1. Give the residue that is farthest from the chain's Cα centre (by Cα), with candidates limited to residues of the stretch 76-90 that are assigned to a strand (DSSP E or B) and closer than 15 Å to residue 267 by Cβ.
2. Quick check, is residue 328 more than 21 Å from the chain's Cα centre (by Cα), part of a helix (DSSP H, G or I), touching a residue at least 60 places away in the same chain (Cβ under 8 Å) and surrounded by 16 or more Cβ atoms within 10 Å (Cβ to Cβ)?
3. Scanning for something within 30 Å of residue 178 (Cα to Cα), buried (at least 20 other Cβ atoms within 10 Å of the Cβ) and outside the structural domain of residue 349 (by TED's automatic domain parsing), does the stretch 12-29 turn up at least one residue?
4. I'd like the residue in the stretch 63-72 that is surrounded by 15 or more Cβ atoms within 10 Å (Cβ to Cβ) and not in a loop (DSSP other than H, G, I, E, B) and, out of all such residues, is nearest to the chain's Cα centre (by Cα).
5. How many residues are touching a strand residue (DSSP E or B) at 6+ places or on another chain (Cβ under 9 Å) and on the phi > 0 side of the Ramachandran plot if we restrict to the stretch 315-350?
6. Exactly one condition in (1) touching a helix residue (DSSP H, G or I) at 6+ places or on another chain (Cβ under 7 Å); (2) at pLDDT below 95; (3) not assigned by TED's automatic domain parsing to the domain that holds residue 89 is false for residue 228; which is it?
7. Residues 249, 299: which one is surrounded by fewer than 22 Cβ atoms within 10 Å (Cβ to Cβ) and either under 24 Å from residue 117 (Cβ atoms) or touching a residue at least 12 places away in the same chain (Cβ under 8 Å) (or both)?
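The values are calculated or read from the model by the stated rules, or taken from the named source; none is laboratory data. Keep in mind that what you see is a predicted model, and the values were worked out from it rather than measured. Glycine also receives a Cβ, built like all others from the backbone with ideal geometry; neighbour counts cover every protein chain displayed.
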């Protein structure tokens, strides 16, 4: 009898699991609230209008076309009942499983300040990227209108909270497009005069990178004109300001890149979660007491060599592929192999011809500047799902760099009304 595998989530971990299981004698159901897989490392380029949403997203049915043992279900899983081997769906129905793969990811964490979310969006989805793009472009449009009407305008200030890869890439990209692209498209204002602030609570940006690359990333950001402030903790956020203690920093657009929390489904394993809600798993990616359940990606707290493996694309894909191998081993009556993450390195782009990269495979090298940017470009093109996506992204990047114009700078769902709402 063929066993039934339920996969929750169509991100890197879930999609990798599904693709690998398409070659196994099992029946698979992939469940996700959205019908597409998103290449999250390039979300910030959608937020800045360099790429369109279609360049980095692919329908799950397209990604899994031709697989005969996979069913895709557009649904939300509301609860997991691990002791009864079933999940509850938003429709009210229950689905039994023989194996369950939970890869439902993570969302923004405001560290107990959830009221900040409406004024400080994070970047985790296509919808987030489009909303951030709307706010950024409207900031310049409103400034242009004010200057045309009154002969002057308030300064345009962008504040990014969090100096990890997402914050660094957003700060550099905003500075990049305002300097090289948008300044050619406005008549009454100079977009290059905008201020971009990057605020980080710890002692350095890109804290998980080697200190040498962290320092070079900060140097490149400052060269672009980004103001970098480390050991700076935000105490309050409102529609027009960011507060550092009693100091108010005017902010036209504020973006959150400071933290994540695990999917709520992790609460089904309350005795085995960490502070962020991620599920602690063993060397086989199982939560304690459940060998038929696997947790992958951002939701998994997996430790290797005394450190938690980061919740990024590389380990997520490797986890998904390994889970499929273990399910296949079970079917053949063979022992499972423990998971071990093979770290190929980290990289972050900062701006035009600027990046840092800690390459660990096929050789070990620490790169910065143009060599790191070129490595980033080639690797991200390679990993994009599907030839059409790679071709489209390559053309969009070429258009942006050669013509210095945005490929997808549309403002959607512009608010109406007589008053100016900078957000």
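1. Of the stretch 76-90, the ones assigned to a strand (DSSP E or B) are 77-81, 86-89.
So of that shortlist, the ones also closer than 15 Å to residue 267 by Cβ come out as 77-81, 87-88.
On the way: 77: 21, 78: 23, 79: 24, 80: 25, 81: 29, 87: 26, 88: 27 Å.
The residue in question is 81.
2. Numbers: more than 21 Å from the chain's Cα centre (by Cα): yes; part of a helix (DSSP H, G or I): yes; touching a residue at least 60 places away in the same chain (Cβ under 8 Å): yes; surrounded by 16 or more Cβ atoms within 10 Å (Cβ to Cβ): yes.
For residue 328, the condition - more than 21 Å from the chain's Cα centre (by Cα), part of a helix (DSSP H, G or I), touching a residue at least 60 places away in the same chain (Cβ under 8 Å) and surrounded by 16 or more Cβ atoms within 10 Å (Cβ to Cβ) - is met.
3. Within the stretch 12-29, the first condition is being within 30 Å of residue 178 (Cα to Cα), and the residues that meet it are none.
Looking for residues that are within 30 Å of residue 178 (Cα to Cα), buried (at least 20 other Cβ atoms within 10 Å of the Cβ) and outside the structural domain of residue 349 (by TED's automatic domain parsing), one finds none in the stretch 12-29, hence no.
4. Taking the candidates together, the pick is 63.
5. Number of matching residues: 1.
6. (2)
7. Going through 249, 299 in turn, just one is surrounded by fewer than 22 Cβ atoms within 10 Å (Cβ to Cβ) and either under 24 Å from residue 117 (Cβ atoms) or touching a residue at least 12 places away in the same chain (Cβ under 8 Å) (or both): 249.
Listed here are the residues, each with its yes/no results for (1) surrounded by fewer than 20 Cβ atoms within 10 Å (Cβ to Cβ); (2) closer than 18 Å to residue 51 by Cβ.
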| site | (1), (2) |
| --- | --- |
| 158 | no, no |
| 161 | no, no |
| 182 | no, yes |
| 190 | yes, no |
| 198 | no, no |
| 201 | yes, no |
| 206 | no, no |
